[in-house]
1. Go through the residues of the range 29-42 one by one and say whether even a single one is on the phi > 0 side of the Ramachandran plot, part of a loop (DSSP other than H, G, I, E, B), more than 15 Å from the ligand (Cβ to nearest atom) and surrounded by fewer than 22 Cβ atoms within 10 Å (Cβ to Cβ).
2. Considering only residues that are aliphatic (A, V, I, L, M) and either within 23 Å of A154 (Cβ to Cβ) or touching a strand residue (DSSP E or B) at 6+ places or on another chain (Cβ under 6 Å) (or both), which ones fall in the range 94-110?
3. Quick one: count up the residues across the range 205-232 that are surrounded by fewer than 17 Cβ atoms within 10 Å (Cβ to Cβ), under 20 Å from Y125 (Cβ atoms) and out of contact with any Leu (no Cβ under 9 Å at 6 or more places or on another chain).
4. Within the range 64-83, restricting attention to residues that are among the β-branched types (V, I, T) and near the ligand (Cβ under 8 Å from one of its atoms), which residue is nearest to T34 (Cα to Cα)?
5. Consider N156 carefully, then state whether it is in contact with a helix residue (DSSP H, G or I) (Cβ under 6 Å, 6 or more places away or on another chain), not assigned by TED's automatic domain parsing to the domain that holds T302 and not hydrophobic (A, V, I, L, M, F, W, C).
6. Can you find a residue that is surrounded by fewer than 17 Cβ atoms within 10 Å (Cβ to Cβ) and under 28 Å from G290 (Cα atoms) anywhere in the range 170-186?
7. If I go through the range 62-90 residue by residue, how many of them are part of a loop (DSSP other than H, G, I, E, B) and of a type in the set (G, A, S)?
Amino acid sequence: MGRRYRIGVIEGDGVGPEVVREALAVLRVAMPDTEFVEIGAGLNYFRRTGKLIEEGALDLIRSLDAVIKGPLTTPPGPGTYRSVNVLIRQALGLYANVRPFRSYRGVSLKEFNFVIVRENTEGLYSGVEGRFRDLAFSVKVATKAGCERVVRFAFNYAVSRGFRRVAAVHKANILKESDGLFREVFHEVAREYPNVEVNEVFVDAAAYNMVRNPQVFQVVVTPNLYGDILSDLAAGLVGSLGLCGSAQVGDGVAVFEPVHGSAPDIAGKGVANPIGEIEAAALMMEYLGGLRGDEALLNASTTLRDVVRGVVEEGRVLTPDVGGSAGTEEVGREVRERLARRLGLRGT
Ligand code: NAI
């Protein structure tokens, strides 16, 4: 019998290979009938080969069921190496970056359960930038089609997951054109969902409210940069960037990664929290299960998220970012072994 799923693997830079290794070990338990296909991309790959991403990688990704990816390093400053993350998102049209944030008892400061749907291909990340003598500019691009697809995605997501409320976060009082268009489209699309409660919040107030009253948020849809910044804020509320995963979804193509970056400050030390990457793997299982009508995989993804919740809330085997003293491998093993037991498998 052939493999049921073909999954691409981009191991990433910095802590990427360490956390991806643990997520793959978990996936081998949860999806044993899977072929994993390595794809070279990122700064380490660039240093080895002079290329940002393996030749033919984008077509390969389109032919695969999904990709699990580690974080990639992008050095700051002009004229250098271009972000491979942005390249992948734009080239594959991964327009919705879905980031669930749910509090953990004993770890998070407050109780909440909300999802940020970040527009992932336009806005200030469009790459329209320039410098002329002492003048520098970065253009914030919004298209009607681009706003519409992500806003509609957010509403459909809310309806399918039982959320009652969708909030648009923008700054249309100042950015009257780009965010103005986003806002207009939001209200237009909202009319198609009369049972969903809508509201809008300026991004500065959203940052404040997210800290003060995170429980009021359910689904938040927002342009690219705001989504990026608010995600890290939300991860701080959860308790660590190392706990949060994300799904980047386009039409018929999806790439899953943790919310965090390559964390060069802790890379190679064996202490990176692998839960964010494992959560990304769980989101991938949920996506594939839904897409293929694979009930077993859907159930396994729910079980995996439940196991992760158990490990984090018990607090016995945790990495230092959430107050523990365990290493990356130990946390990965704990999740994997519990998952195997819950799925009725023996050893791993
Ligand atoms: P970062 O997310 O890598 O790190 C921020 C802080 O969170 C650091 O103190 C780090 O140690 C901690 N942290 C992150 N992941 C952790 C984990 N799994 N366990 C424990 N602690 C963790 O953000 P930073 O330092 O701004 O960016 C580093 C590099 O990552 C940059 O080159 C940036 O461009 C890239 N990046 C890549 C992303 C991606 O591939 N999707 C997303 C964000 C940043």
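1. Looking through the range 29-42, none of the residues is on the phi > 0 side of the Ramachandran plot, part of a loop (DSSP other than H, G, I, E, B), more than 15 Å from the ligand (Cβ to nearest atom) and surrounded by fewer than 22 Cβ atoms within 10 Å (Cβ to Cβ).
2. Looking only at the range 94-110, we keep the residues that are aliphatic (A, V, I, L, M), and these are 94, 96, 98, 107, 109.
If the condition is that a residue be aliphatic (A, V, I, L, M) and either within 23 Å of A154 (Cβ to Cβ) or touching a strand residue (DSSP E or B) at 6+ places or on another chain (Cβ under 6 Å) (or both), then L94, A96, V98 are the ones that fit.
3. The number of residues fulfilling the criteria is 1.
4. Here is the first cut: in the range 64-83, the residues among the β-branched types (V, I, T) are 67-68, 73-74, 80.
Next cut, near the ligand (Cβ under 8 Å from one of its atoms) only: 73-74.
Working: T73: 28, T74: 30 Å.
Ranking the candidates gives T73 first.
5. Details: in contact with a helix residue (DSSP H, G or I) (Cβ under 6 Å, 6 or more places away or on another chain): no; not assigned by TED's automatic domain parsing to the domain that holds T302: yes; not hydrophobic (A, V, I, L, M, F, W, C): yes.
The answer is no for N156.
6. First pass over the range 170-186, keeping only residues surrounded by fewer than 17 Cβ atoms within 10 Å (Cβ to Cβ): 173-174, 176-177, 180, 184.
With the extra rule that they be under 28 Å from G290 (Cα atoms), the set shrinks to none.
No, that holds for no residue.
7. First pass over the range 62-90, keeping only residues part of a loop (DSSP other than H, G, I, E, B): 64-65, 70-83.
Cutting the leftovers down to of a type in the set (G, A, S) gives us 70, 77, 79, 83.
Adding up the residues that qualify gives 4.
Rundown of residues vs (1) within 14 Å of S240 (Cβ to Cβ); (2) part of a helix (DSSP H, G or I); (3) free of Cβ contacts under 8 Å to residues at least 12 places away in the same chain, yes/no style:
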| position | (1), (2), (3) |
| --- | --- |
| I278 | yes, yes, no |
| A282 | no, yes, no |
| R309 | no, yes, no |
| E329 | no, yes, no |
| R341 | no, yes, yes |
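The values are calculated or read from the model by the stated rules, or taken from the named source; none is laboratory data. This structure is a prediction, so every number in the text was calculated from the model and none was measured. Virtual Cβ from ideal backbone geometry, glycine too; neighbours counted across all protein chains shown.
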